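Here's the structure we're looking at; comments come further down.
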Amino acid sequence: MARELVAGARRMVALTGAGVSTESGIPDFRGPNGLWTRDPLAERLSRFQSYVDSREVREAAWRARAEHPAWGAEPNAAHRALVELERRGTLRLVVTQNIDRLHQKAGAERVLELHGTMFEAVCLGCGDRRGMREALDRVAAGEADPDCRRCGGILKSATISFGQALDPAVLERARVAVCSCDVLLVAGSSLTVQPAAGLVGLAASSGARVILCNASPTPYDDFAAAVLRGPLGEVLPALASAAAGEEHRP
Ligand code: NAD
């Protein structure tokens, strides 16, 4: 069923989550080896209000940012399969919850970063935005909690933490895209984070067929026309070859 849907798709949108990058060595949050599964305290670092309120949390967050495995990560077969679908004209847009830019590194040209990017830092006071390298160089030079160079405000990676509002324009673009797609390909997301997860229901109620690729069950499995549980590094290349009308041989 999933192969037929992909082969017939003309306006596909992909919604991706952390599971797409685990095969690149970046842990997800809630999978079996997820950051939160192994260390529940890690959740505190991801809460917006804790970051604003606590210097201790900010210092820990900067240390974690400097050591993030994404800095040295390479895209995997799942990212590359989505690029193939884009180049073939099947896939219109990747809406990603990921902050690691691996879709772009793989060559994807149309990517919407719903939860921002870890490659930039932004001031929560004046909105000044700069490359993350500058902030991390300051951390490496001994500043445990670098502040905004322009106004002295709290500096934060340009990612959306829990409890922090998404950019309304970015969310609106995602909503418009899923409302007008014929197939929504969901990959590597537990679909427990709103409003991202709600895009699945929105797509289904707008008439899209949903293909859900995730190792573990999600609250949206019942919305899906097809559910695939295998590893994304195998599942997505197989779907990309379906779009090309080929037999997939791993
Ligand atoms: P999540 O951790 O809640 O869920 C990931 C899902 O992917 C899990 O259900 C897991 O079973 C599945 N999965 C993991 N590896 C897989 C594989 N190889 N094949 C098939 N399925 C696999 O992730 P989420 O839903 O994206 O929500 C987490 C939030 O944390 C997001 O907001 C995201 O921004 C952020 N996050 C991003 C990254 C990243 O950029 N790589 C990493 C961790 C967390």
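Scanning region 1-26 for residues being surrounded by 18 or more Cβ atoms within 10 Å (Cβ to Cβ) and part of a loop (DSSP other than H, G, I, E, B) gives a total of 4. Quick check: anything in region 179-200 of a type in the set (Asp, Glu) and either under 17 Å from ALA66 (Cα atoms) or touching an Asp or Glu at 6+ places or on another chain (Cβ under 6 Å) (or both)? Taking every residue of region 179-200 in turn, none turns out to be of a type in the set (Asp, Glu) and either under 17 Å from ALA66 (Cα atoms) or touching an Asp or Glu at 6+ places or on another chain (Cβ under 6 Å) (or both). No other residue among ALA240, ALA204, ALA169 is crowded, with 23+ Cβ neighbours inside 10 Å, more than 10 Å from the ligand (Cβ to nearest atom) and in a helix (DSSP H, G or I) apart from ALA240. In region 215-232, the qualifying residues are those that are in a helix (DSSP H, G or I) and not acidic (Asp, Glu), and the one that is farthest from the ligand (Cβ to nearest atom) is PHE223.
Looking across region 1-59, the residues that are modelled with pLDDT of 85 or more, under 21 Å from the mean Cα position of the chain (by Cα) and small (Gly, Ala, Ser) come down to ALA14, GLY17, ALA18, GLY19, SER21, SER24, GLY25.
Keeping to region 172-200, report how many residues are crowded, with 16+ Cβ neighbours inside 10 Å, over 17 Å from the mean Cα position of the chain (by Cα) and not in a loop (DSSP other than H, G, I, E, B). The qualifying residues number 1.
Pairs are defined by a Cβ separation below 8 Å, a sequence spacing of at least 6 or placement on different chains, a first member in region 160-185 that is over 12 Å from ALA204 (Cα atoms) and aromatic (Phe, Trp, Tyr), and a second member that is assigned to a loop (DSSP other than H, G, I, E, B) and modelled with pLDDT of 95 or more; no pair meets this definition. On the stretch given as region 77-128, residues that are within 16 Å of the ligand (Cβ to nearest atom), in contact with a Gly (Cβ under 7 Å, 6 or more places away or on another chain), small (Gly, Ala, Ser) and part of a loop (DSSP other than H, G, I, E, B) total 0. Test GLU56 against the criterion of being farther than 25 Å from CYS179 by Cβ, surrounded by fewer than 21 Cβ atoms within 10 Å (Cβ to Cβ) and within 16 Å of the ligand (Cβ to nearest atom), and give yes or no. The answer is no for GLU56. Candidates are the residues of region 60-81 that are of a type in the set (Lys, Arg) and under 20 Å from the mean Cα position of the chain (by Cα); the one that is modelled with the highest pLDDT is ARG80. For region 131-171, the set of residues classified as over 17 Å from the mean Cα position of the chain (by Cα) and β-branched (Val, Ile, Thr) consists of VAL139, ILE154, listed by residue number.
The values are calculated or read from the model by the stated rules, or taken from the named source; none is laboratory data. Model, not experiment: these values are computed from the prediction. Virtual Cβ from ideal backbone geometry, glycine too; neighbours counted across all protein chains shown.
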